[in-house]
Amino acid sequence: MALLDRLPRHIFSQRGWGLLAAGAVSLLLAQVMGRRDLLSLSVLLIALPLVSLAGIRLVKPRFRVFREFNPSPVETSSATSVRLAVARTGNGAGRAAMEERLPPRFGESPAFRFPARSATGGTSRYEYQLRSAKRGQFVIGPVTAEFTDPFGLALHRQAIDDGDVLTVTPAAVELPVTGLAGARGNDGVTATRIRANPSDDDVMTREYRHGDPMRRVHWAATARHGALMVRQEESVTTPEATIILDQRFMAFSGGSASGFGGYAGADGHEMVSSDDFEWAVVATMSISAHLAERNYALRLLDVRGDAAFLRSPSAPEPETEEYSGTGGLQSIAESLAAIQLSGPHHGRRGSGHRDASGSGREHGGAQDSGPAPFDDHLMDKLSAHRMRGPLIAVLGQIPLAEATALAPAAGYGANAFAIIVAERPSEFEDVLEALRQGGWRAVAVAPSVSVPTAWSHFDQGGPALAAAAADVRRGAGVAR
């Protein structure tokens, strides 16, 4: 038995190997003893496993697999139930050992027997759970089936489906309420007066129309005009917020090389990401959810003014810029699932020169190709939605020149907020000052700082200001 255990199990079963061994012994004895009956027996013992192997290779059982994820997509660190339904579609009988192949991050692949004890109508159903601590797209499956011939001599394993992609989206964290909404109100609703009469004395009234209730008659205006006037209606408009997400490799490659990799894509390769960029992705998701809950329509752009998810393989509609409602927020989450850093992936920062401000921050190395960031294309996009709501920029390690180019964009938003993610936030005081001079409320944070803590620094006049100053003095990872 010990010898049989060492033989390959993907070709013959122990019974098959046993018959082959017995056939070989019989063949040897037939030659030694000159017995024709032993020769016939040896041929039979050797032929049976070989014929069985050829049979299951040529006549393969066929199966149909249905796979469902609930929920799908799923947020990071949340569990999703995988439901499998396997049915045999062709002739054949017997049992099969099946296994669901999983990416290594999900642990051991689940195994099960077909048909299941609870099989109904020829379909066996199975269920198990998956959980991922990191975002991405992962191929779940295929299901592999190992079946044998009716005699149990030969084995054959094959994939019976192609697998399905599970999308894991970044989970939003709850953000504190700040003064972001400004004059529009924290609930995201704006009351706009409709001015039917241009007179400064009567901006709140209009002429009476048939069907207007008498309780809305404005008697003072009626006396002045000599005609029946009613109080003006208010219309409710939906405010808009624009989020700029920096996703350039050069802006997030200032940390250690160990920060890259470990984020799997659907094709099994690692996504190009870093701890800094992962923080930016979670921040973007959290800000989007925070604003969507307050009835904001969202517009997401990259630093060049293109749609933010134009290069995201998980984006349902890559060219879309505007999102609203629950469906829009879900689309943002899916688009962020597999987004990665773009641009040249070589020549990390570290070979450049020191900034003229003397801060010690290095520039140079890889340079992004294509149009310059924060140029006229982005400004035109922002100008088209001038003063319709707040402007939020989630940025990597941008140099002073880029901060100077971005600074005037604050004039296009009702409020302007910028978050710079960097390992050493204290080195970006010059960048923050350039943004503030343009009208931005800006903060630089390390990825070790929580997103709610970073967001709270935008609440002007609150306790966060004193805390921020203390953090900078202690080097705690926040610069304002």
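The values are calculated or read from the model by the stated rules, or taken from the named source; none is laboratory data. In this text the structure is predicted, and so the values were computed from the model without any measurement. A quick note on method: Cβ atoms are made from the backbone with ideal geometry, for glycine too, and the neighbour counts reach across all protein chains shown.
Would you confirm whether or not region 325-337 contains a residue that is modelled with pLDDT under 95 and assigned to a loop (DSSP other than H, G, I, E, B)? The answer is no; no qualifying residue exists. Among the conditions (1) loosely packed, with under 14 Cβ neighbours inside 10 Å; (2) assigned by TED's automatic domain parsing to the domain that holds residue 26, the only one that residue 49 does not satisfy is (1). Residue 282 meets all of the listed conditions (1) surrounded by fewer than 24 Cβ atoms within 10 Å (Cβ to Cβ); (2) part of a loop (DSSP other than H, G, I, E, B); (3) within 14 Å of the chain's Cα centre (by Cα) but one, namely (2).
The residue of region 152-204 that is modelled with the lowest pLDDT, among those that are within 30 Å of the chain's Cα centre (by Cα) and of a type in the set (Asp, Glu), is 187. Taking residue 41 as the residue in question, decide whether it is assigned to a helix (DSSP H, G or I), modelled with pLDDT of 85 or more, touching a Ser or Thr at 6+ places or on another chain (Cβ under 6 Å) and outside the structural domain of residue 155 (by TED's automatic domain parsing). Answer is yes for this residue. Condition first: over 29 Å from residue 16 (Cα atoms), of a type in the set (Gly, Ala, Ser) and touching a strand residue (DSSP E or B) at 6+ places or on another chain (Cβ under 6 Å). Now tell me which residues in region 142-181 satisfy that. Matches in region 142-181: 163, 171. Can you list residue pairs whose Cβ atoms sit under 9 Å apart, with the first residue in region 428-439 being closer than 13 Å to residue 401 by Cβ and the second being among the polar types (S, T, N, Q) and crowded, with 19+ Cβ neighbours inside 10 Å? Count only pairs 6 or more apart in sequence or on different chains. Hits for this filter: 431/397. With respect to the stated conditions, residue 85 is in contact with a Ser or Thr (Cβ under 7 Å, 6 or more places away or on another chain), at pLDDT 85 or above, outside any loop (DSSP other than H, G, I, E, B) and surrounded by 13 or more Cβ atoms within 10 Å (Cβ to Cβ). Please work out if residue 431 is part of a helix (DSSP H, G or I), modelled with pLDDT of 95 or more and on the phi < 0 side of the Ramachandran plot. Against the criterion (part of a helix (DSSP H, G or I), modelled with pLDDT of 95 or more and on the phi < 0 side of the Ramachandran plot), residue 431 qualifies. Note on region 285-295: residues that are in a helix (DSSP H, G or I) and on the phi > 0 side of the Ramachandran plot amount to 0.
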